[in-house]
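The values are calculated or read from the model by the stated rules, or taken from the named source; none is laboratory data. Since the model is a prediction, treat every value here as computed from it, not as a measurement. Cβ coordinates were reconstructed from backbone atoms using ideal geometry, including for glycine residues, and neighbour counts include every protein chain displayed. Accessible surface areas use protein heavy atoms only, side chains included; no ligands, DNA or RNA. Shrake-Rupley method; radii C 1.70, N 1.55, O 1.52, S 1.80 Å.
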Amino acid sequence: MACNTDSGKIIAKSDHFKLKVDSLLNIMTLEEKIGQMNQYNGFWDVTGPVPNEGDAEKKYEHLKNGLVGSMLSVRGANAVRAVQKIVVEESRLGIPLIIGFDVIHGYKTLSPIPLAESCSWDLEAIRKSAQVAATEASAAGINWTFAPMVDISRDPRWGRVMEGAGEDPFLGSKIAAARVHGFQGDDLSAINTIAACAKHFAGYGFSESGKEYNPVDIGASTLHNIVLPPFKAAVDAHVKTFMNAFNELDGIPATGNAYLLRDILKNKWDFKGFVVSDWASIKELVMWGYAKDNKAAAKIAAIAGSDMDMESHIYVSELAQLVKEGVVHEDIINDAVRRILTVKFELGLFDDPYKYCDEEREKEVIYSPKHMDAVLDMAKKSIVLLKNDNQLLPLKKEGQNIVLIGALANEKNSPLGSWRIASKDNTAISVLEGMTEYKGNNLVYKKGADVTIGNTQFVNELKINTTDRSEFKEAIDAAKGADVVVMVLGEHGFQSGEARSRTEIDLPGVQQELLEEVYKVNKNIVLVLKNGRPLTINWADKHIPAIVETWQLGTQTGHAVAQVLYGDYNPSGKLTMTFPRNIGQIPIYYNHKNTGRPVADANNPNLVFWSHYSDVENTPLYPFGYGLSYTTFKYEGLKVSKQKFSCAEDITISVKLTNSGKYEGKEVVQLYIRDLVAKVTRPIKELKGFELVNLKPGESKIINFTLNKHNLGYYDNNGDYAVESGDFEVFVGGNSQSTLKTSIELKQVLY
Ligand code: BGC
């Protein structure tokens, strides 16, 4: 029996600019309208195939003729002013450009990569981090970011997991909304806010075998319950734009996918903003074998609902003719242009096209002390303590001989990650620099080995793998007498990110060997990981007493890592992506299905025919939601206010949390449910709530969660939200494998 559910219709947005948009549209020629749907890259940075020669001249001509609505990757107040001046002063209608840029985790002052930030589970900190990014970018002429990326992914082979919020749609939705609010603020016309863009719509994180740009072949249940919720959350947070994706979804490329763009996004969700294609993805419809030529690609993409063409140069060359031939109705063009112009009005660009070009403000806010503090705070909150046997951490502050090993310990570039186009090279505080500030110990640094030879920004890893072990000996000799060895190992900054799929996700190069060699002479090792994706670190987990996941933490990396290692900050991060034991377990994620054979049959001597691998356990190395602290937490007294409840009622789940250790610390208390029987089978656990709780040693607090029918439903295979009565299990704890549980029953409601 189904409960009554809300329609899910979002509150109608203001039509404040409708009259202005319509009157402008009335005086535009068809070519000028199509011009608004055309976006060009600046003449320098390129994140896709390099444009042809003569490109710059053509772009300049088009700008003057009102045939460009947006530029991407033009940055800096001066440069944006110059390009804006061309359209404002030389084109017939002087419609200002909207200036887009990949402000992914900061403009110049960089926060941690988004995957790392998600491990803080701290929505307010994440919102502030996006606000810092918007403040800097908006001073440098930019008024639109291609973020947040809200793609859920279960495959750490895929390099872009670094850019998302991990594997869970509930947490991913909360973070999507926090980032949209951070970028857009309450008032889009304010000088320090910019339009956000939910990307990549949709399914990109499920690229087959984790290989970049591969097809996506998921079923309706995964699409509606896992992939789409964070996009819907972004719409509900009033995100202004969407970007479509490079992938196809079940045979239909996302860029030409009317089901996604029209039926779901623009009709069902009533999204009022505009959709930009991904880089040249309209042209790529031809390569997919979905359009026979550029003209067909333009037709398909426009009709499907891609409003703006990023760098395919196809709308501008093909659409007018298609309209004249009656193949594409002018209403399609009008709708796209209305959407684009509305966002420009909302940004205030028609009042002052140069309002984001303020050289003074640019100087003042970029790399400002306030921003440095903000990204340091975010960086500390993003660190996850994976293992800490015998309380090797925190390090003692005095009288210790500490040997620091690893090329990444002395790196000022890798910690910036791969999305740092505007940031100056080598501007991160290295771990070595951060640790050197603690003067009470004797600190010796040895490289031991490189990760790769040179950087992988534009080079395939295969060409730059290192086999050089010549500096092993020096590092091993230094480690011999040390009280503690801190080894900073992991991935180079450009080993994750777009087009950085990997089939092995262990420590690259000779780093694993180095770790094992050092371990032979000194077992007191703290392994500090720097990486953009979960890694397979089985050996380290078995042998190394302390492991800290620090990801790529941005500008303040070294300070954040040192403060955590020395205990000036008690780590509180929890993983948002499962760490597999080996590559063969992928995709491995906490919210999986039970299967018909979840456990071995104890009565059957032949323990083979159940859902498992013959050569590795079913469990991951570290589960979703997992992370330690220097203190310990005790959960007890799980209670439910009412065991049986109706569709109209709220119930409260409460638990007592005690800090049972010696340090003040923060815990992410997590609530999961399991819907035991449904018309479409449900996962064995689903996150439905979490709370960050700070407690002094010995302190306790009762944590309450509210549940009602809204938390207990799911999307059926038509994409409709369904709530079914029946039994649910409720779990509360510090990670997705916590076993403290109770049960509830949602009573049947008869209409
Ligand atoms: C990426 C997008 C990005 C765009 C512009 C593409 O290659 O997939 O996420 O926003 O380039 O740089």
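Where in region 620-681 are there strands (runs of 3 or more DSSP E), lying wholly inside it, with at least 3 residues that are charged (D, E, K, R)? Qualifying strands (runs of 3 or more DSSP E): 633-640, 665-675.
Tell me whether region 742-749 contains one or more residues that are touching a residue at least 40 places away in the same chain (Cβ under 8 Å), buried (at least 16 other Cβ atoms within 10 Å of the Cβ) and out of contact with any Gly (no Cβ under 9 Å at 6 or more places or on another chain). The answer is yes, given that some residue of region 742-749 is touching a residue at least 40 places away in the same chain (Cβ under 8 Å), buried (at least 16 other Cβ atoms within 10 Å of the Cβ) and out of contact with any Gly (no Cβ under 9 Å at 6 or more places or on another chain).
Exactly one residue among Gln737, Gln670 is open to solvent by 80 Å² or more (accessible area, probe 1.4 Å) and either out of contact with any helix residue (DSSP H, G or I) (no Cβ under 7 Å at 6 or more places or on another chain) or under 23 Å from Ile383 (Cβ atoms) (or both), and that residue is Gln737.
For region 183-210, a tally of residues being surrounded by fewer than 16 Cβ atoms within 10 Å (Cβ to Cβ) and within 15 Å of the ligand (Cβ to nearest atom) returns 0. Exactly one residue among Phe271, Phe242 is within 16 Å of the ligand (Cβ to nearest atom) and either touching a residue at least 60 places away in the same chain (Cβ under 8 Å) or buried (at least 24 other Cβ atoms within 10 Å of the Cβ) (or both), and that residue is Phe242. Of the listed requirements (1) modelled with pLDDT of 95 or more; (2) part of a helix (DSSP H, G or I); (3) crowded, with 24+ Cβ neighbours inside 10 Å, Val103 misses just one: (2). Among residues of region 253-265 that are closer than 21 Å to Asp236 by Cβ, those with a Cβ under 7 angstrom from a residue that is β-branched (Val, Ile, Thr) and crowded, with 23+ Cβ neighbours inside 10 Å, sequence gap 6+ or separate chain, pair up as Leu261/Val275.
For (1) of a type outside the set (Asp, Glu); (2) over 20 Å from Thr255 (Cβ atoms), each residue gets a yes or a no:
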site	(1), (2)
Ser153	yes, no
Trp158	yes, no
Val161	yes, yes
Glu167	no, yes
Gly172	yes, yes
Ile191	yes, yes
His200	yes, no
Ser207	yes, no
Gly219	yes, yes
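If you go through region 147-177 and pick out every residue that is within 16 Å of the ligand (Cβ to nearest atom), of a type outside the set (D, E, K, R), touching a helix residue (DSSP H, G or I) at 6+ places or on another chain (Cβ under 7 Å) and not in a loop (DSSP other than H, G, I, E, B), you end up with 4. Any idea which of Val132, Val180 is within 16 Å of the ligand (Cβ to nearest atom) and either modelled with pLDDT of 95 or more or not in a helix (DSSP H, G or I) (or both)? So the residue among Val132, Val180 that is within 16 Å of the ligand (Cβ to nearest atom) and either modelled with pLDDT of 95 or more or not in a helix (DSSP H, G or I) (or both) is Val180. Would you be able to say whether some residue in region 481-499 is more than 16 Å from the ligand (Cβ to nearest atom), surrounded by fewer than 15 Cβ atoms within 10 Å (Cβ to Cβ) and polar (S, T, N, Q)? Within region 481-499, none of the residues are more than 16 Å from the ligand (Cβ to nearest atom), surrounded by fewer than 15 Cβ atoms within 10 Å (Cβ to Cβ) and polar (S, T, N, Q). Among the conditions (1) in contact with a Phe, Trp or Tyr (Cβ under 9 Å, 6 or more places away or on another chain); (2) open to solvent by 40 Å² or more (accessible area, probe 1.4 Å), Gly625 misses just one, which is (2).
Can we say Ile702 is touching a residue at least 40 places away in the same chain (Cβ under 8 Å) and open to solvent by 50 Å² or more (accessible area, probe 1.4 Å)? Yes; evaluated as a whole, the condition is true for this residue.
The set of residues in region 686-699 that are more than 22 Å from the chain's Cα centre (by Cα) and open to solvent by less than 20 Å² (accessible area, probe 1.4 Å) comprises Val693, Leu695. The set of residues in region 245-259 that are out of contact with any Asp or Glu (no Cβ under 8 Å at 6 or more places or on another chain), more than 12 Å from Asn214 (Cβ to Cβ) and either within 12 Å of the ligand (Cβ to nearest atom) or open to solvent by 20 Å² or more (accessible area, probe 1.4 Å) (or both) comprises Gly251, Ile252, Ala258, Tyr259.
If you go through region 274-300 and pick out every residue that is within 16 Å of the ligand (Cβ to nearest atom) and hydrophobic (A, V, I, L, M, F, W, C), you end up with 9. Against the list (1) at positive phi; (2) touching a residue at least 60 places away in the same chain (Cβ under 8 Å); (3) more than 16 Å from the ligand (Cβ to nearest atom), the condition Glu311 fails is (3).
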